[in-house]
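Okay, structure first, notes after.
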Amino acid sequence: MSRILIAYASFDGQTRRIAERIGATLMDAGHAVTMRPAVEGPALAAAGHDAVIVGGAVRVGHHSRALERAVRAHASQIASRPNAFFSVSLSAANNAAAAQGCIDAFVRRTGWTPQRSASFPGALPYTRYNPFIRLLMRFIVGRAGGDTDTSRDYEYTRWEDVERFAREFAARLVPIAANTIRR
Ligand SMILES: Cc1cc2nc3c(=O)[nH]c(=O)nc-3n(C[C@H](O)[C@H](O)[C@H](O)COP(=O)(O)O)c2cc1C
């Protein structure tokens with residue numbers, strides 16, 4: 001059993017939901033999970049945890065600056081444990097290069113190179129946006145040929161990919177735990 005910290009930065013809730021699904025999958029695999037919104041530096045303090053997963057949503061081409069600051073402040077603590085990063089965006093659904101570009105920028109700005117990273121398609125909750133954001137998103141998404149019915153919400157996350165990411169992370173922890181016991 002490992003103690004795993006999952007810290008996430010979510011604006012509209014989808015990254016939080018993905019973090020929760022990762023947490024539930026890890027708990028099913030027998031691990032203890034701490035979930036923290038990564039809006040402040042201390043959220044990433046990894047003391048007392050054996051492994052760290054960080055997740056962040058993309059807005060206007062980048063991850064949250066607060067998340068970047070929190071990760072930068074704890075980069076060596078995170079890097080000294082099994083770790084992974086997941087990024088949530090709309091481009092992850094149809095523009096893998098753009099999604100990867102956001103991860104690359106995050107790595108450059110934080111100084112943390114995750115052992116594993118993934119891009120997950122997020123959601124388009126039109127009905128929950130304020131009128132300005134709803135119009136803006138409809139315009140941006142429509143120009144890219146995406147869904148523009150603002151009377152409903154869209155979810156693009158493929159939950160089986162999220163669960164696979166969590167299971168693969170858990171699988172890598174097992175040999176580490178076994179080594180620890182032998183030593
Ligand atoms: C104002 C705004 C800007 C966004 N900018 C981008 C963007 O630049 N690239 C992208 O791929 N997705 C963008 N998105 C889509 C979000 O990444 C997507 O909705 C994601 O699910 C948000 O995660 P969250 O619910 O955890 O905040 C944007 C969404 C909003 C509302």
task = Taking only region 10-56 into account, find how many residues are in contact (Cβ under 8 Å) with a residue 60 or more places away in the chain and part of a strand (DSSP E or B).
result = 3
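Does region 83-101 contain any residue that is surrounded by fewer than 21 Cβ atoms within 10 Å (Cβ to Cβ), of a type outside the set (D, E, K, R) and more than 16 Å from the ligand (Cβ to nearest atom)? Walk me through how you get there before you give the answer.
Taking region 83-101 as the starting set, the residues that turn out to be surrounded by fewer than 21 Cβ atoms within 10 Å (Cβ to Cβ) are 91, 93-98, 100-101.
Narrowing further to those that are of a type outside the set (D, E, K, R): 91, 93-98, 100-101.
Subsequent filtering for residues that are more than 16 Å from the ligand (Cβ to nearest atom) retains none.
For region 83-101, residues surrounded by fewer than 21 Cβ atoms within 10 Å (Cβ to Cβ), of a type outside the set (D, E, K, R) and more than 16 Å from the ligand (Cβ to nearest atom): absent.
Which residues, counting only those in region 57-76, are free of Cβ contacts under 8 Å to residues at least 12 places away in the same chain and either of a type in the set (S, T, N, Q) or within 22 Å of PRO121 (Cβ to Cβ) (or both)? Spell out the reasoning first.
To start, the set of residues in region 57-76 that are free of Cβ contacts under 8 Å to residues at least 12 places away in the same chain comprises 60, 65, 76.
Within region 57-76, VAL60, SER76 qualify.
Checking the condition farther than 25 Å from ARG172 by Cα and of a type in the set (Lys, Arg), which residue from ARG36, ARG3, ARG69, ARG17 passes? Don't jump to the end; show me each part of the working.
Values: ARG36 fails: farther than 25 Å from ARG172 by Cα; ARG3 fails: farther than 25 Å from ARG172 by Cα; ARG17 fails: farther than 25 Å from ARG172 by Cα.
From the options ARG36, ARG3, ARG69, ARG17, the qualifying one is ARG69.
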query = Taking region 77-124 only, how many residues are in a helix (DSSP H, G or I), touching a residue at least 24 places away in the same chain (Cβ under 8 Å), among the small types (Gly, Ala, Ser) and over 27 Å from ALA45 (Cβ atoms)?
reply = 4
ask   = Of the numbered conditions (1) within 13 Å of the ligand (Cβ to nearest atom); (2) under 30 Å from PHE169 (Cα atoms); (3) touching a strand residue (DSSP E or B) at 6+ places or on another chain (Cβ under 9 Å), TYR126 satisfies every one except a single condition; which is it?
value = (2)
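Quick one: count up the residues across region 58-73 that are surrounded by fewer than 24 Cβ atoms within 10 Å (Cβ to Cβ) and touching a helix residue (DSSP H, G or I) at 6+ places or on another chain (Cβ under 8 Å). Break it down into steps so the answer makes sense when it comes.
Start the filter on region 58-73 by keeping residues that are surrounded by fewer than 24 Cβ atoms within 10 Å (Cβ to Cβ), which leaves 59-62, 64-66, 68-69, 72-73.
In the following step, the residues that additionally are touching a helix residue (DSSP H, G or I) at 6+ places or on another chain (Cβ under 8 Å) were identified as 61-62, 68-69, 72-73.
Residues in region 58-73 being surrounded by fewer than 24 Cβ atoms within 10 Å (Cβ to Cβ) and touching a helix residue (DSSP H, G or I) at 6+ places or on another chain (Cβ under 8 Å): 6 in total.
Only the coordinates and a few stated rules stand behind these numbers; no lab work does. Please read all numbers here as calculations on a predicted model, not as lab measurements. Glycine also receives a Cβ, built like all others from the backbone with ideal geometry; neighbour counts cover every protein chain displayed.
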